[in-house]
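The values are calculated or read from the model by the stated rules, or taken from the named source; none is laboratory data. Keep in mind that what you see is a predicted model, and the values were worked out from it rather than measured. Virtual Cβ from ideal backbone geometry, glycine too; neighbours counted across all protein chains shown. Accessible surface is based on the protein model in full, side chains and every heavy atom, while ligands, DNA and RNA are left aside. Shrake-Rupley method; radii C 1.70, N 1.55, O 1.52, S 1.80 Å.
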Amino acid sequence: MRFGINTLDDIQVSGKTVLCRVDINQPINPKTGSLKDTTRVRACVPTLRELSDKGAKVVILAHQGSDIEYNNFYTTRPHAAVLSEFLGKEVHFIDDVCGPAARQAIRELQEGELLLLDNVRFVSEEQTLFELKLKLTHEEQAKTLLVRTLAPLADYYVGDAFAAAHRDQPSLCGFQRLLPSAMGRLFEEEFCVISGLMENPARPCVFVLGGAKIGDAFLMMNTALTNGIADRVLTGGLVAQVLLWAKGVDIGDQSREYIRKAGYADLVSKAKELLTAHGGKIALPTDIAYTTNNTRKEAAAGSPCGEIQDIGSETAEEYAKIIMNAKTAFVNGPVGVFEREPSALGTETIWNALNKTQAYTVVGGGDSITACNKFGADVDYICTGGGALIRFLTGEELPVVRALRHGSGLR
Ligand code: 3PG
């Protein structure tokens, strides 16, 4: 047991049916339906291999995509093929989550076999919109369709989805009310590394926050600055645009419209509060980049521009310098649309600095992992979590951690 949670050493899984919740949520190529990145799939292999080698009948539960952004929302079928390749062993797939076909496939599993169920978010009670609206307790989650139909077929629940540990959804938090539980090896490793970062980061500790999923970033920035984990926060992506807007810097009609459409306009008032409380520690871009006819254009922040796609080169150099002088650098989210060549410079410059700095470097979040693969990833630790990592860094007990602690007490 570590951190009050059973590890795989504490449960005897031979011949038992184990429900294993992983996070293999990856960007999908919409044209081919294939995974654009496989880092998270690879990361959960040690747990799945150990369970299978120990003779468990392994039922894998996972989500793919977000029902909020309605992005990458897709079947988990391609993940089964990738998992099979990494494991060197077939991972069966069933295009059902908890209906009769899925239940039958679970009953037919033999010792050592693995079965991946379809995207759990195809079930409404698993959706983040549902979570945010209804806020079910873990006891209530144990009564949802997924949990009440699958739990009776299983002996144990293993939580390995660290990247989704901030979500309060039945597949992540409900089973632990009914089944003896443990965390998987990936969860254990992430917990260990990130706790170390929180308890005693070498200083100065710099956070780089960017990306498109910015609700989470705003949620934690205040805490990370107030409780003193971060000495400096360098901002890019939509995070920076909302902060610039809040500061009264003109970001242009197109960027404002994008932020409004993405549903982030109400973060502007939060951003104002943050700037009032911690303005001195939050770095904003002094220049930005946009594209015209697929060509990069740069402008000083506040000057007329098209839709902002990246931080400008002056800002990128400045941020790189700060990272070079840091002792700890934590990066969550790219600072620009790095997938497109004209807006890749900012993220590439930051990643180059991460590769060179002597600081202890931690990178988290799906898009950041993709950037690591693109620009080389000589960083000390790549965490599979984005939002989860950010929440964990606030010191809050995450819903999945709480649920696993409960399930670790069941026999
Ligand atoms: C992530 O990508 O951060 C995790 O898979 C959780 O996804 P979510 O933010 O859609 O819950």
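Here is how the numbers come out for the structure above:
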{"quantity": "Selection from segment 119-156 of residues that are under 30 Å from G15 (Cβ atoms), among the charged types (D, E, K, R) and out of contact with any strand residue (DSSP E or B) (no Cβ under 7 Å at 6 or more places or on another chain)", "calculated": "E126, E139, K143, R148"}
{"quantity": "Condition met for T315 (of a type in the set (S, T, Y) and either within 16 Å of the ligand (Cβ to nearest atom) or not in a helix (DSSP H, G or I) (or both))", "calculated": "no"}
{"quantity": "Residue identified as open to solvent by less than 20 Å² (accessible area, probe 1.4 Å) and within 22 Å of S195 (Cα to Cα) among A329, A371, A320", "calculated": "A329"}
{"quantity": "Odd one out for K135 among (1) open to solvent by 10 Å² or more (accessible area, probe 1.4 Å); (2) in contact with a Gly (Cβ under 9 Å, 6 or more places away or on another chain)", "calculated": "(2)"}
{"quantity": "Strands (runs of 3 or more DSSP E) completely within segment 22-137 that count 1 or more residues being β-branched (V, I, T) and either closer than 19 Å to Y157 by Cα or away from the ligand (no atom under 16 Å from the Cβ) (or both)", "calculated": "57-61, 91-94"}
{"quantity": "Criterion violated by N222 - all others in (1) more than 23 Å from A300 (Cα to Cα); (2) of a type outside the set (F, W, Y); (3) crowded, with 22+ Cβ neighbours inside 10 Å satisfied", "calculated": "(3)"}
{"quantity": "I68 vs. criteria farther than 26 Å from S368 by Cα, of a type in the set (A, V, I, L, M) and touching a residue at least 60 places away in the same chain (Cβ under 8 Å)", "calculated": "no"}
{"quantity": "Number of positions in segment 15-44 that are buried (at least 20 other Cβ atoms within 10 Å of the Cβ) and modelled with pLDDT under 90", "calculated": "0"}
{"quantity": "Filter result for I382 (open to solvent by 30 Å² or more (accessible area, probe 1.4 Å), outside any loop (DSSP other than H, G, I, E, B) and of a type in the set (V, I, T))", "calculated": "yes"}
{"quantity": "Meets criteria (small (G, A, S) and part of a loop (DSSP other than H, G, I, E, B)) for G336", "calculated": "yes"}
{"quantity": "Among (1) within 16 Å of the ligand (Cβ to nearest atom); (2) open to solvent by less than 10 Å² (accessible area, probe 1.4 Å) - the single one I5 does not satisfy", "calculated": "(1)"}
{"quantity": "Flag for I369 being modelled with pLDDT under 95 and under 30 Å from P180 (Cα atoms)", "calculated": "no"}
{"quantity": "Residues within segment 397-411 that are in contact (Cβ under 8 Å) with a residue 40 or more places away in the chain and open to solvent by 30 Å² or more (accessible area, probe 1.4 Å), tallied", "calculated": "5"}
{"quantity": "Any chance V13 is in contact with a helix residue (DSSP H, G or I) (Cβ under 9 Å, 6 or more places away or on another chain), in contact (Cβ under 8 Å) with a residue 24 or more places away in the chain and part of a loop (DSSP other than H, G, I, E, B)", "calculated": "yes"}
{"quantity": "Filtered residue count, segment 392-409, keeping only those that are away from the ligand (no atom under 16 Å from the Cβ) and in contact with a Ser or Thr (Cβ under 7 Å, 6 or more places away or on another chain)", "calculated": "3"}
{"quantity": "Residue list for segment 285-301, filter: open to solvent by 30 Å² or more (accessible area, probe 1.4 Å) and within 15 Å of L238 (Cα to Cα)", "calculated": "T286, Y290, A301"}
{"quantity": "Test result for E140, within 16 Å of the ligand (Cβ to nearest atom) and either open to solvent by less than 20 Å² (accessible area, probe 1.4 Å) or closer than 26 Å to D216 by Cα (or both)", "calculated": "no"}
{"quantity": "Residue list for segment 88-109, restricted to those being more than 15 Å from K57 (Cβ to Cβ) and among the aliphatic types (A, V, I, L, M)", "calculated": "V97, A101"}
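Results for (1) more than 27 Å from L219 (Cα to Cα); (2) free of Cβ contacts under 8 Å to residues at least 40 places away in the same chain; (3) within 16 Å of the ligand (Cβ to nearest atom), shown as yes or no for each residue.
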{"position": "A154", "(1), (2), (3)": "yes, no, no"}
{"position": "V158", "(1), (2), (3)": "yes, no, no"}
{"position": "A165", "(1), (2), (3)": "no, no, yes"}
{"position": "P170", "(1), (2), (3)": "no, no, yes"}
{"position": "C173", "(1), (2), (3)": "no, no, yes"}
{"position": "M183", "(1), (2), (3)": "no, no, no"}
{"position": "E190", "(1), (2), (3)": "no, no, yes"}
{"position": "V193", "(1), (2), (3)": "no, no, no"}
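Let's see how each residue does on (1) within 16 Å of the ligand (Cβ to nearest atom); (2) of a type in the set (S, T, N, Q); (3) out of contact with any Phe, Trp or Tyr (no Cβ under 6 Å at 6 or more places or on another chain):
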residue	(1), (2), (3)
T349	no, yes, yes
K356	no, no, yes
T370	yes, yes, yes
G385	yes, no, no
I390	yes, no, yes
R411	no, no, yes
